[in-house]
1. Could you figure out which of (1) in contact with a strand residue (DSSP E or B) (Cβ under 8 Å, 6 or more places away or on another chain); (2) modelled with pLDDT under 95; (3) not small (Gly, Ala, Ser) isn't true of Val92?
2. Residues of the stretch 44-66 being among the hydroxyl-bearing types (Ser, Thr, Tyr), open to solvent by 10 Å² or more (accessible area, probe 1.4 Å) and within 23 Å of Ser119 (Cα to Cα), which ones?
3. Of all residues in the stretch 93-117, how many are within 15 Å of Asp15 (Cα to Cα) and assigned to a strand (DSSP E or B)?
4. (1) in a loop (DSSP other than H, G, I, E, B); (2) at pLDDT below 90; (3) buried (at least 21 other Cβ atoms within 10 Å of the Cβ): which one isn't true of Ile41, the others all being true?
5. I need the full set of residues from the stretch 90-102 which are within 12 Å of the chain's Cα centre (by Cα) and of a type in the set (S, T, N, Q), in order please.
6. Just the residues that are among the small types (Gly, Ala, Ser) and open to solvent by less than 30 Å² (accessible area, probe 1.4 Å), please, taken from the stretch 93-113.
7. Report, by residue number, each residue of the stretch 39-94 that is touching a Cys at 6+ places or on another chain (Cβ under 8 Å) and either charged (D, E, K, R) or closer than 16 Å to Val17 by Cβ (or both).
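The values are calculated or read from the model by the stated rules, or taken from the named source; none is laboratory data. Bear in mind the structure is a predicted one, so any value in this text is a computation, not a measurement. Please note: Cβ atoms are built from the backbone with ideal geometry, for glycine as well, and neighbour counts cover all protein chains shown. For accessibility, only protein heavy atoms count, side chains too; no ligands or nucleic acids. Shrake-Rupley method; radii C 1.70, N 1.55, O 1.52, S 1.80 Å.
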Amino acid sequence: MYTSVFERAGSEVTDKVTLFRSVADFQQLHEVAGKGGHITIIGGGFLGSELACALGYKTKSTKGSVTQVYPEYGNMAKVLPEYLSRWTTDKVKSEGVDIITHSTVKDVTTTPDGKLKLSFDTGKEVGFIYTFSLVYTL
């Protein structure tokens with residue numbers, strides 16, 4: 001589902017999107033976080049949640065920001081009981097990560113000034129004003 005949304009968007013979007021799979025991907029994101037950029041992570045499983053915590057911690061000292069988006073009510077909700085999922089979500093938030101729950105990306109576009117805008121199935125739209133890397137971990 002997410003792949004088709006981003007593939008459909010064209011190179012002006014895909015050049016700013018990373019499918020997180022390797023150490024090199026993490027190094028690239030760590031660099032963005034170190035420069036005070038914004039990173040949005042799509043996915044609330046183990047990989048997405050760990051990545052959100054690590055990068056959220058990094059951006060505390062760089063004035064960057066991290067947002068995590070997923071369709072469930074909490075981090076790792078597909079595999080953890082509700083009380084542990086809520087505890088994990090609170091832990092991710094404590095690292096400075098902005099969490100958007102119950103949301104699936106329906107569209108991604110660029111603004112006239114080259115920034116990305118995500119549209120969700122909830123009708124909400126979020127535009128990003130920082131250097132932007134979008135990571136999906138599904």
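1. With (1) in contact with a strand residue (DSSP E or B) (Cβ under 8 Å, 6 or more places away or on another chain); (2) modelled with pLDDT under 95; (3) not small (Gly, Ala, Ser) applied to Val92, the lone miss is (2).
2. Matches in the stretch 44-66: Ser65 only.
3. 5
4. The single condition Ile41 does not satisfy is (1).
5. Residue satisfying the conditions is Thr101 alone.
6. Ser103
7. Of all residues in the stretch 39-94, those touching a Cys at 6+ places or on another chain (Cβ under 8 Å) come to 91-92.
Lys91 - this is the single residue of the stretch 39-94 that is touching a Cys at 6+ places or on another chain (Cβ under 8 Å) and either charged (D, E, K, R) or closer than 16 Å to Val17 by Cβ (or both).
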